[in-house]
Each structure stands twice: as C-alpha cells, then as structure tokens.
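One structure below.
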Amino acid sequence: MTAKSMKLMHMSPRDTGRRVGPRHDLGPMNPRNLLTSLPGSPPLRRWTTRALGAALAAAAYLVCLPWDLRNRPETPGAINETSPVTALGVTALTVSMLSLAGYFGFRDRLGWALLLVAAPPAVLMFVSFDSHPAPDAAPWPLAWGFFVLVMGAGVLAVAGFARLFRGSEN
C-alpha cells in the first residue's frame, strides 16, 4: 500500500468531497428549490422560473383588468366611456404583483424582479391604451407613464424589502 492509499482509507467522506447516504437534492420537484437563489441554480430551472413569473404577472393583469375593446359610451351621447376596471380588480392585481415582487426579490436580483413583475403588465397596459382610437390630445401616454412608474417603484420597494430576509448563503 502506498502512503496516498493509506491516507484515503482514513479520510471521512466529508474530506473526499463525496456524498454518502441519500441525496438531498431531489431535482426540480424538491420544495426546497422554491426558495433557493436563482442566480446559483441550474440554467433550466432559473429560466423556467423566470418565464413562469413573467407569465403569472401578465395573467394577473389580464384576469384582474379585463379589456373591453368595444370602448362604448354608457348611454347615447355620453362623454364617459365604460371601463371594466373595478376597485376589486385593481386590489387583486396589486396584491398579486406585490406577492410576485416579494418572491422574486427574495430569490433573484432586483433588476430581474422589476423586469419579470412590472414589465409584462406595463406592456399590456400600453397595448390596451394604444388600441383605442384617441382624440387629438389624448392623456393616455401620461397616464401610462404614471402607472408604470408607480408599478415599478412598488415592485422595487417590495423586492428590496424581501432581500433583507435572504440568508447569508444567498
């Protein structure tokens, strides 16, 4: 026996870097993976989670603020047009977006949280506002800019707050 083989015989599994016993990483279905840091996770899991987050943000906007593409007046000759936006819908959208912002703020970088949570509703809102024929001086670009600023600030604030609860290993 050589000195090297003698040394290996007396080393514990921890010293050799080999795993002994059951694997604790059970793949993508492991519930522990739901709160691990995304930048350090495998690329497929990282990008799937990000795509799912962006899809959830877009779906929340579409469900909570349905589009009425007819854009019709309530009564003939009225100036005001109907809107499917309700206080309950805005509240539900706010809660869902802030929940997603907290989740992605905890798991990912702040820039990704902003891109994944605030960008899909902002794009959908732009498409919704732009799809209606406007008079000469339409206020929708200012309204869109204001709402995007409010959404972005809220997402960044909640994501930044959620980052405070990350452990030192993240």
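Structural remarks
- Test: Ala87 is modelled with pLDDT of 90 or more and out of contact with any strand residue (DSSP E or B) (no Cβ under 8 Å at 6 or more places or on another chain): no
- Of the candidates Val148, Val85, the single residue that is free of Cβ contacts under 8 Å to residues at least 60 places away in the same chain, in contact with a Pro (Cβ under 9 Å, 6 or more places away or on another chain), in a loop (DSSP other than H, G, I, E, B) and surrounded by 12 or more Cβ atoms within 10 Å (Cβ to Cβ) is Val85.
- Matching option when the condition is closer than 25 Å to Thr49 by Cα, open to solvent by 40 Å² or more (accessible area, probe 1.4 Å) and either in a helix (DSSP H, G or I) or at pLDDT 90 or above (or both), among Phe129, Phe106: Phe106
The values are calculated or read from the model by the stated rules, or taken from the named source; none is laboratory data. What you see is a predicted model; the values in this text were computed from it and never measured. Methodologically, a virtual Cβ is constructed for each residue, glycine included, from the backbone with ideal geometry; neighbour enumeration extends over all protein chains shown. Heads up: the accessible areas ignore ligands, DNA and RNA and are worked out on the full protein's heavy atoms, side chains in. Shrake-Rupley method; radii C 1.70, N 1.55, O 1.52, S 1.80 Å.
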